[in-house]
Amino acid sequence: MEYKVGQVFYLVGSETAKVIPFRVVEEVTRTTLDGVEKTFIAEVPDKKNTKVPVTKLKGETFTNLQDLRKHMIENAANAIDNMIARAEHLAEASFGFSEQKDKSAISEVLKENNDEYSVQEKEESDKVSVDIGNGIIARMNLKDLEKVSQI
């Protein structure tokens, strides 16, 4: 990745579930017998405005919020898809239930009973843990999934 002094980046930390902005504040060019090497120093937004080499920042770096958001949504969607696939597999293995083959049967029962089908009725249990990559677990409200699917 190319850095310029003054540029702001966004780090999805590999050791924390936070998105941390940092600003490149220094470019150091060192000429040695082995050649020329450039290093960059970043300033992080803590109380002391700590300065650290960019190479010490662990995680994925993004140049803009749109790419960061897209990355996080993709990871969340992949994690949700994996959870659903595991649940589907478990239902098949445990109950012999496959949504594809039993979907029409469920629809018929609902039509006969004039009932609405609801997976989850209590709003206080609408939170789910989602692995968004790099060992980061996010807690999401299921109501927010509608927002994700509209993107």
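The values are calculated or read from the model by the stated rules, or taken from the named source; none is laboratory data. All of these numbers come straight from a predicted model, not from anything done at the bench. Reconstructed Cβ throughout: ideal geometry from the backbone, glycine too, with neighbour counts over all protein chains shown.
Condition check: touching a residue at least 60 places away in the same chain (Cβ under 8 Å), at positive phi and not hydroxyl-bearing (Ser, Thr, Tyr). Does GLY13 satisfy that?
On the way: touching a residue at least 60 places away in the same chain (Cβ under 8 Å): yes; at positive phi: no; not hydroxyl-bearing (Ser, Thr, Tyr): yes.
Considered against the rule, which asks whether it is touching a residue at least 60 places away in the same chain (Cβ under 8 Å), at positive phi and not hydroxyl-bearing (Ser, Thr, Tyr), GLY13 comes out as no.
Can you tell me which residues in the range 29-60 are of a type in the set (Gly, Ala, Ser) and either farther than 13 Å from VAL19 by Cα or over 15 Å from the mean Cα position of the chain (by Cα) (or both)?
Narrowing the range 29-60 to residues of a type in the set (Gly, Ala, Ser): 35, 42, 59.
Scanning the range 29-60 gives GLY35, ALA42.
Specify the residue that is nearest to PHE97 (Cα to Cα); the eligible residues are those in the range 61-87 that are among the small types (Gly, Ala, Ser) and more than 9 Å from the chain's Cα centre (by Cα). Quick ask: steps written out before the conclusion?
Initially, the range 61-87 is screened for residues among the small types (Gly, Ala, Ser), giving 76-77, 79, 85, 87.
Checking the rest, the ones that are also more than 9 Å from the chain's Cα centre (by Cα) come to 85, 87.
Working: ALA85: 13, ALA87: 11 Å.
Filtering first and then ranking leaves ALA87.
Give the range 76-116 a look and list any residue that's at pLDDT below 85 and under 30 Å from TYR10 (Cα atoms), or say none.
none
Please verify whether VAL28 is surrounded by fewer than 16 Cβ atoms within 10 Å (Cβ to Cβ) and farther than 24 Å from MET72 by Cβ, treating the condition exactly as stated. First the steps, then the outcome.
Values: surrounded by fewer than 16 Cβ atoms within 10 Å (Cβ to Cβ): yes; farther than 24 Å from MET72 by Cβ: yes.
Here the answer is yes, as VAL28 does meet what is asked.
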